[in-house]
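Structure first, commentary second.
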Amino acid sequence: MATTTMTAPPPPARRSLTPEQLERFGEEMDAIRQRLLSELGERDANYIRGVIRAQRGLEAAGRGLLWAGVFPPAWLAGTAALSLSKILDNMEIGHNVMHGQYEWMNDPKLSGKQFEWDTACPADQWRHSHNYMHHTYTNIVGKDRDIGYGVLRMSEEQPWTPYYLGNPVWAALLATFFQYGVALHDLEVERVISGEVSAAEKRGLRKGIWQKVRRQTLKDYVLFPALSGPFFIFPLAGNATANLVRNLWAFTIIFCGHFPEGTEEFSEEETADETRGEWYYRQILGSANLSGGRLFHILSGNLSFQIEHHLFPDLPANRYAEISTEVQETCERYGLPYNVGPLRKQFGSVVRKICRLALPG
Amino acid sequence: MSPLLNRPRRHRLLDTFAGPHGIDGYLEQINPLFVTGECRAEVVAIERGTEESITLTLRPNRVWRGLRAGQFVQVAVEIDGVRHRRCYSPASIEGRRPELELTVKRHPGGLVSTFLTERAQVGMVVGLSQADGDFHLPTRRPGSVLLIGGGSGITPLIAILRTLLAEGHPGPVALLYYTPDPAGTIYREELESLAARHPSFQLARSYTRAPGAGELDGHFSPRHLPQAGPCFAEAETFVCGPAALVDAVRGTWANGLERRLHVESFVPPTLAPLGEPGEGTIRFLDSDLELDNSGAPLLEQAEGAGIEAEFGCRMGICHTCTRRKVSGTHKNLITGEVSAAPDEEIQLCVSAALGDLAVEL
């Protein structure tokens with residue numbers, strides 16, 4: 001995909017470091033990584049097992065309460081428990097385990113390549129589109145499909161077309177059906193439509209998505225509701241609500257990772273022969289953090305530490321909080337921005353960007 | 001697939017209900033032994049035999065399919081968050097009760113043996129493989145049996161001996177047992193009592209560092225065989241111990257007697273020798289390929305050999321190329337970390353072999 005000439009002038013920080021500075025910056029980041037790796041142990045194992053235990057408990061409780069969902073308090077509590085279960089499963093467990101963050105434990109159940117999660121997207125396709133494409137080519141317009149997911153205009157560097165007048169509407173639809181948006185991610189539907197990729201090439205992916213979506217649908221919308229007999233509508237509505245809550249929450253957190261005001265995009269040309277230091281540099285400039293309490297961080301899958309996550313995507317996320325001070329301090333020393341703010345502020349600026357980019361320019 | 005993950009039983013409907021984590025994902029939260037797709041065992045008794053050894057009684061869960069006297073199992077324990085697997089030969093009587101008796105002797109610097117001898121306690125749950133190995137009593141019991149054991153290689157022989165004596169085996173059974181000194185000799189008292197109670201059992205010991213203390217002196221020699229009784233030449237012979245013992249016995253059993261010789265090579269867990277980056281042979285097990293190690297990252301060497309290996313970022317972050325190293329020492333080219341541990345997941349794109357290495361690719 002060609003980049004356009006509509007690029008805004010580069011912000012002052014961009015390319016402000018000399019190659020030597022970038023190399024030293026990379027070495028400092030590598031040192032943090034290595035220190036963290038050497039510290040991993042029982043504490044991290046207990047942490048992730050604890051989160052899994054909480055998730056399985058919440059899910060069992062949620063399903064049980066929704067079975068009796070004809071009673072309003074049971075419906076409310078069950079829907080809340082199942083929503084939390086799906087959020088934990090997808091974010092703090094699924095996303096992080098599939099990054100290989102716990103592979104050092106040598107436990108097949110926590111192996112990044114074997115984990116499957118409670119959402120429509122098949123885990124193997126996610127590993128390709130996310131771990132490889134998004135994390136390697138973060139914020140490179142034309143390569144990182146997380147910029148707008150193929151349906152939204154999230155960067156000035158994406159050429160405007162009248163289709164983008166609907167940007168806010170498409171964003172609201174994507175948020176509502178986020179699990180399906182993620183599931184279809186690797187299909188690159190818009191590139192199939194434009195003829196860049198042949199539909200036949202994607203046959204295997206389509207089959208994988210269909211099988212996973214069918215299993216998930218059967219479970220949430222047929223099997224569990226059927227257990228309630230004539231009151232099937234209550235678990236059905238509860239399950240749909242839990243999926244919706246998870247969709248909206250995941251969309252909100254994920255869009256706050258790379259699109260708040262101040263995050264930058266890159267072109268394929270300027271990132272062609274990147275050094276390790278430059279790669280780290282791009283991760284910092286392209287990511288934004290959310291401030292909040294411990295529970296908020298856990299429910300966001302620690303994607304609230306998006307900067308740390310992008311620097312060290314395969315290190316256990318429960319460690320991001322403790323290295324964030326050091327990362328921020330290092331950024332300050334090199335004059336690099338460290339974009340952090342509360343959810344309200346960051347998401348507000350994302351919404352403004354979605355609306356602004358509906359129009360040309 | 002890991003041998004510890006036995007093929008899960010298929011409960012299709014139940015699996016859809018419990019998807020994507022499967023019924024075991026919930027059962028193990030109630031009790032880790034309740035899993036249906038993985039063999040695990042609980043330590044139900046411990047006994048410290050000598051200062052350097054511990055005898056564990058394990059009660060496997062319902063996945064366990066039993067063992068024949070002489071076979072080995074793999075036991076997995078978690079130490080500081082990292083799962084380690086080791087082979088042990090249970091000393092239990094075949095077909096009696098499902099309990100397994102494992103005697104673990106501490107090796108200097110041995111991570112798992114040190115952990116088990118110091119920290120094992122009743123109630124601990126360990127991973128277990130199904131029993132494996134061709135070194136076991138034939139179903140049609142042989143008339144006379146000669147057992148030759150060295151050090152902790154005695155354990156499968158104890159299983160065979162106990163099984164035969166418990167069955168009231170009519171023929172003669174003899175054991176030649178080689179250990180450094182009486183104090184560190186496991187099963188010493190039991191063997192003496194068995195020899196006293198069973199006239200058909202002939203026990204002859206050699207303490208290689210305490211001449212005169214046993215019935216024999218020095219390392220194995222054909223001169224020791226008459227001590228085993230008159231019929232050793234026709235006996236079905238089982239030998240297990242260090243390589244030197246096994247080699248000496250093999251040399252004696254040449255010239256047509258090999259048919260009657262069953263050998264279990266017992267190799268204490270030592271670290272793989274540390275080679276240089278450009279040394280040794282790399283074995284790609286799934287592709288059945290061997291090549292001289294060039295010192296380059298394993299992914300590049302695999303591709304050079306024509307293997308279509310899955311890969312992504314090629315910089316050690318996405319874990320697409322992660323594969324299981326079965327043996328050998330590798331160096332992580334990013335962190336500089338060197339690991340000689342067998343059976344661990346490694347990232348091929350940033351790992352180089354130091355000497356011989358085998359990987360599942």
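Nothing in this text is a laboratory measurement; each read-out follows from the coordinates by a stated rule. Note that the structure is a prediction, hence the values are computed from the model and not measured. Cβ coordinates were reconstructed from backbone atoms using ideal geometry, including for glycine residues, and neighbour counts include every protein chain displayed.
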Can you work out D for the stretch B:145-265 in µm² s⁻¹ from Stokes-Einstein, where Rh is the Kirkwood radius over C-alpha pairs, the temperature is 37 °C and the viscosity is 0.692 mPa s? 231 µm²/s
Return the equivalent ellipsoid semi-axes of chain A as a descending list in whole Å, where each equals the square root of 5 times an eigenvalue of the C-alpha gyration tensor. 34, 26, 19
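Give the average, rounded to an integer, of partner chain Cβ atoms located within 10 angstrom of each Cβ in A:30-38.
Mean partner-chain Cβ count within 10 Å for A:30-38: 2.
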In whole angstrom, the spacing between the Cα centers of the stretch A:165-240 and the stretch B:6-61 equals 35 Å
Send over the semi-axes of the stretch A:210-292's equivalent ellipsoid, whole angstrom and largest first, taken as the square roots of 5 times the C-alpha gyration tensor eigenvalues. 43, 16, 8
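So for the stretch B:12-128, what are the equivalent ellipsoid semi-axes in whole Å, largest first, each being the square root of 5 times an eigenvalue of the Cα gyration tensor?
Numbers: eigenvalues 154, 59, 26 Å².
Largest first, the stretch B:12-128 gives 28, 17, 11 Å.
Per residue of B:74-85, what is the mean number of Cβ atoms on other protein chains within 10 angstrom of that residue's Cβ?
Mean inter-chain Cβ contacts per residue within 10 Å come to 4.
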Of A:116, A:329, A:42, the one that fluctuates the most in a GNM where chain A has Cα springs shorter than 10 Å: A:42
So if I take the alpha carbon set of chain B, get Rg, then get Rh from the Kirkwood formula, what is the Rg over Rh ratio? 1.01
Mean Cβ count within 10 Å, highest first, over the residues of peptides B:124-133, B:288-297: B:124-133, B:288-297
Springs between alpha-carbon pairs under 10 angstrom, Gaussian network model over chain A: which of A:136, A:18, A:330 fluctuates most? A:18
For a distance above 18 Å, tell me the whole-number percent of Cα pairs in the stretch B:67-117 that qualify. 36 percent
Given the pairs A:86/A:219; A:113/A:143; A:113/A:212; A:109/B:325; A:109/B:105, which are separated by over 19 angstrom at their Cα positions? A:113/A:143; A:109/B:105
Stokes-Einstein D for the protein assembly as shown (20 °C, 1.002 mPa s, Kirkwood Rh from Cα pairs), in µm²/s, comes to 74 µm²/s
Calculated over the stretch A:67-215: convex hull of Cα atoms, volume per residue (Å³): 152 Å³
Give the separation of the Cα centroids, the stretch B:83-129 to the stretch A:22-77, in Å. 31 Å
The orientation-averaged projected area of the Cα convex hull of the stretch B:281-359, in nm², is 4.3 nm²
For the stretch A:268-321 versus the stretch B:199-264, the gap between their alpha-carbon centres in whole angstrom: 63 Å
Could you calculate, for the stretch A:56-121, the ratio of the Cα radius of gyration to the Kirkwood radius, expressed as Rg to Rh? 1.13
Name the residue, out of B:284, B:238, B:135, whose mean-square fluctuation peaks in a Gaussian network model built on chain B with Cα pairs under 10 Å. B:284
Estimated 222 nm signal from helices in the protein assembly as shown, with DSSP H stretches of n ≥ 4 weighted -39500 (n - 2.57), rounded to 500: -10500 deg cm²/dmol
